[in-house]
Amino acid sequence: FSRAYGAAVPRTRRILAWILPPLALLLPAARHGQRRWRSGAALGALIPALLAFGLLSADRGRAQEGSVPADRLYEEALEAQGAERWERAIELFKRGAEAYRDDARFPWALGDLYLSRKLYSLAWDEYRRAEILDPDDPELLYQLSNTAGRLNRNDLSASYLERVVDLRPEDRDAIGDLAWMYFKLHRLAEGEALLLDALARRAKHVLAELFL
């Protein structure tokens, strides 16, 4: 049987049937009295098929990666970070940022990781990516101001703190940091006005509570 099968079916078609069975069905088998395919022609037919198979497999692999729910991927990244598996956490945060481009959590959390490791330039880049997706979150803006300060970009740090104070006028941490940044920038009058205004509003709030 083996000899008869080998005589009836060309070697190239047998190999293709093992690798890509559906495609092998489309190829004609040799008949008695016909010359088998020359190796060059067989190889020319086989290579495009193998390339197509490889591309389909790669697409399938990427689809499977992207099918991991965002929440699950995010939690896995946080768990890796908590276990101080830094490279794994970075890999998962980056994968999430690529698979879920509208989810600010991934670049934001990666920025936090870089900031905790004192990699300020890398943290800045990730926070800026998150800002594009979530431009009015005061917590994110505060992290941007902090990172800008670490990079000695004091003007930029002050501008982010101003945005935080606009969004949260009673945020004492942001007010104190902004006053200090004004001092570093030699904008003393603005720092003084900021603190006096905060004290006045705080006094009104305390008085209101006393007379309720």
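Screening 121, 157, 116 for residues that are under 26 Å from residue 72 (Cα atoms) and of a type in the set (S, T, N, Q) leaves exactly one candidate, 116. Would it be correct to say that residue 130 is among the hydrophobic types (A, V, I, L, M, F, W, C), on the phi < 0 side of the Ramachandran plot, under 21 Å from the mean Cα position of the chain (by Cα) and open to solvent by less than 60 Å² (accessible area, probe 1.4 Å)? Against the criterion (among the hydrophobic types (A, V, I, L, M, F, W, C), on the phi < 0 side of the Ramachandran plot, under 21 Å from the mean Cα position of the chain (by Cα) and open to solvent by less than 60 Å² (accessible area, probe 1.4 Å)), residue 130 qualifies. So, residue 139, is that one within 23 Å of residue 178 (Cα to Cα), of a type in the set (D, E, K, R) and open to solvent by 60 Å² or more (accessible area, probe 1.4 Å) or not? Taking the combined requirement at face value, the residue satisfies it. Kindly evaluate residue 48 against the criterion of being modelled with pLDDT under 95 and not acidic (Asp, Glu). Yes: the conditions hold for residue 48. Scanning the stretch 73-101 for residues that are without any contact (Cβ under 8 Å) to a residue 24 or more places away in the chain and not in a helix (DSSP H, G or I) returns 83, 84, 85, 101. Scanning the stretch 146-169 turns up no residue that is open to solvent by 20 Å² or more (accessible area, probe 1.4 Å), within 19 Å of the chain's Cα centre (by Cα) and among the polar types (S, T, N, Q).
The values are calculated or read from the model by the stated rules, or taken from the named source; none is laboratory data. This is a predicted model, so every value here is computed, not measured. Note that each Cβ is placed from the backbone with ideal geometry, even for glycine, and that neighbours are counted across all protein chains shown. Please note that ligands, DNA and RNA were not included when accessible areas were found on the heavy atoms of the full protein model with its side chains. Shrake-Rupley method; radii C 1.70, N 1.55, O 1.52, S 1.80 Å.
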